[in-house]
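One structure is given here, and the rest of the page talks about it.
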Amino acid sequence: MVKRQIAARGIKDKNVLAAMRKAPRHEYVPKELRRDAYSDWPLPIGYGQTISQPYIVALMTELLKPKKTDRILEIGTGSGYQAAVLAEIVKEVWTIEIIKTLGNKAKKILEEKYPKKVKVKVADGYYGWKEGAPFDGIVVTCAANNIPAPLVKQLKEGGRMVVPVGTLFYTQNLIVVEKKKGGEVITRNICPVAFVPMTGAIQKQPRK
């Protein structure tokens, strides 16, 4: 998977490639779909949610530029796979899932595999996790219809956020948000993507 689907498509960060080799994707996929666990496409995990294709997980992780000393916030735990990949690289992962059943399931596996390194909370990720802020990086694994202001606020100066922005029925783009010293925010469009939509507070925001 790593050689043919990830490295071959341009992912070069050695830490990301190593993490993708260490985190067993089949452990985060429903048993009946494990035969496809290492195929390069998303898979359903229930409740209208998916586990992202391996290449996208690797791309988002590389764009985050994670370091061993980093504390990362993830919005949209889902199966727990993205958090597991990050946990193989960084010091701490704080991850939030809005769907209780998925959050509790991910909490069990992640806290068993990465004790004291991964924290899981069931809540509305739009508001982030104030108790852990500021974070060196934030990764959002569901599409927001705008860049959530609370998450920008919780991003450390010099930090990065990777977030898909758009709606279910229109184009979504993967965006890198950089928070410079002094609080200046710069965004960069990376590529078109297709993610399940963020639920919760983001849906209450007025459309522009």
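Potential lengthening of the chain between Asp36 and Thr199 amounts to 56.0 nm, from the contour at 0.36 nm per residue minus the alpha-carbon distance. A full extension of the chain between Lys181 and Lys117 corresponds to an added length of 20.3 nm, given 0.36 nm per residue minus the alpha carbon distance.
Residue-wise HN-Hα couplings along the range 31-42, as the Karplus relation 6.51 cos²θ - 1.76 cosθ + 1.60 with θ = phi - 60° gives them from phi, are 3, 6, 10, 5, 5, 9, 4, 10, 7, 8, 8, x Hz; Gly and Pro carry x.
Taking amide H as placed 1.01 Å from N in the peptide plane, the amide H of Gly159 sits under 5 Å from that of Lys179, each at least 5 places away or on another chain.
Note the direction-averaged projected area, equal to a quarter of the hull surface, for the Cα convex hull of the chain, in nm². In nm², the orientation-averaged hull projection of the chain is 10.9.
With 29 Å as the limit, the listed pairs Lys67/Lys116; Lys3/Lys153; Lys67/Lys130; Lys31/Lys67; Lys12/Lys113; Lys119/Lys156 have Lys3/Lys153; Lys31/Lys67 beyond it between alpha carbons. Roughly how many nanometres apart are two label points built 7 Å out from the Cα toward the Cβ at Tyr47 and Thr167? Each label point is offset 7 Å from its Cα along the Cβ direction, giving 2.5 nm. Sequence-distant contacts, meaning Cα pairs under 8 Å at least 6 residues apart, place the relative contact order of the range 15-101 at 30 percent. By DSSP, the beta bridges lying fully in the range 2-204 are antiparallel in about 45 percent of cases.
Here, each number is a calculation from the coordinates, and none is a lab measurement. The structure displayed is predicted, hence computed values, not measured ones. Quick reminder, even Gly has a Cβ in these numbers, built from the backbone with ideal geometry, and neighbours come from all protein chains shown.
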